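Accompanying notes for the structure given below.
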Amino acid sequence: MKCRLQVLDFMFFLQLEFYCRFTFHVSRFMNQVKDYYNILGIPSTASAQEIKQSFRRLAQRYHPDKNDNSQMAAAHFREIQEAYKVLSDPKQREAYHYQRWYVRSTGQPFAGTPLTPDGILRECRLLQQYVTSMNLFHIRFDAVSGHIRKLLTTNAIGLLHEFNDTAVNHAIIQSILASAQPLPKKYFVPIAALLLQLAGDDAAAINAIDQALLEKKQLHVWDKYKWVLMLVITALICWLMYRYGK
């Protein structure tokens, strides 16, 4: 009993270690502090009135309705809204100043804005690099699946379609497939659906996604029935030993 508890404690420690390391890695590359003042084009000493004026000017310029529903304009518009929401609230602005000061004092870069195809591809490759460096038994499938889905949001896919860079889209799909390779079927299915949306009419990409999905389904069936098969084989061996051992 004591040994079993020690094993459970060890497994819990491994899962906690992965969660902490994975969260740190993703937060380092995906959730960096944004330079809201740069987004609004104002100095950090700007008054509340200057913040509001800049927001209104930029919101009118990048509003999706005035840009034929451009995904790039929509990405700019969301960044502007996010920056204004924080800087227009005195408490949030004060808290943001501490975060901004820390980033500047440690020499870290501010998060890039807004989304671009190259930026999405870069984040996918960083995730791929990290996942492939991990021991399979240390990986939290829900965490990996969740972060992949954050990369493939509706807005991100729309942006990639708008730019229509086949080479970049194909590279993103390949990178995501590599990152999702350790995932069981139930975690991979929603990712496959997003990848198929991104693939569009790219026959090669669709074939790669379908092949990965087929492999997941086959592995799922094997995992589901392998114990039954092992029991049947064991029973058969026992019967043969009993039948011919006399």
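The values are calculated or read from the model by the stated rules, or taken from the named source; none is laboratory data. All figures in this text were calculated on a predicted structure; none of them were measured in a lab. We place every Cβ from the backbone using ideal geometry, glycine too, and count neighbours over all the protein chains shown.
Report whether or not L198 is over 17 Å from the mean Cα position of the chain (by Cα) and either in a helix (DSSP H, G or I) or modelled with pLDDT of 90 or more (or both).
No: the conditions fail for L198.
Condition first: buried (at least 20 other Cβ atoms within 10 Å of the Cβ) and more than 22 Å from P117 (Cβ to Cβ). Now tell me which residues in the stretch 58-73 satisfy that.
L58
Select from the stretch 74-130 the residues that are among the hydroxyl-bearing types (S, T, Y), crowded, with 18+ Cβ neighbours inside 10 Å and at pLDDT below 85 and list them in ascending order.
Across the stretch 74-130, the qualifying residue is only T113.
Please tell me if A212 is without any contact (Cβ under 8 Å) to a residue 60 or more places away in the chain and over 21 Å from F137 (Cα atoms).
no
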